[in-house]
């Protein structure tokens, strides 16, 4: 894997300006938790593994990389790095972010041995990481989550 990452860095140095690419590299080498700066964690994330959340609960929703938790050497993260390397477009931010996560997840979970891969990628319902929906502003003015369900709160800044 180190040779792959070194080759990628040598040939795509400009890609490193992408926060998501750097996150993928760190996940592949060390594992860990990524949180956007506008996330407030309201419950320990220790029980969350190999996870990313849906943007919302609508059918066909894309993934949201604001909260990601992955183990070292995650096969899903390696596929994300390969996809980033082969499809990077500096004119399309979403293509390199949420759309990339969504594309790779669909391919990853539809492949052979999909049941084994479900342990490597857990797609969480939107309310787990994003209990405040931007579609229902009135929830901002009342208690909107219980500590038994939510792990974080996304501020949509």
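Just so you know, all these numbers are worked out from the coordinates, no wet-lab data involved. No experiment lies behind these values; they were computed from the predicted model shown. Quick reminder, even Gly has a Cβ in these numbers, built from the backbone with ideal geometry, and neighbours come from all protein chains shown.
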Give me the number: length gained by fully extending residue 92 to residue 26, i.e. 0.36 nm times residue separation minus the C-alpha to C-alpha distance, one decimal in nm.
-> 21.5 nm
Averaged over all viewing directions, the convex hull of the alpha carbons in segment 45-135 casts a projected area in nm² of 6.7
Rounded to whole Å, √(5λ) for the Cα gyration tensor eigenvalues of segment 27-77, largest first, gives 19, 15, 10
Residue 41 and residue 115 label points (each 7 Å along its Cα→Cβ direction) are spaced in nm at 3.4
Here FRET efficiency (C-beta to C-beta, residue 107 to residue 61, R₀ 22 Å, nearest 0.05) is 0.85
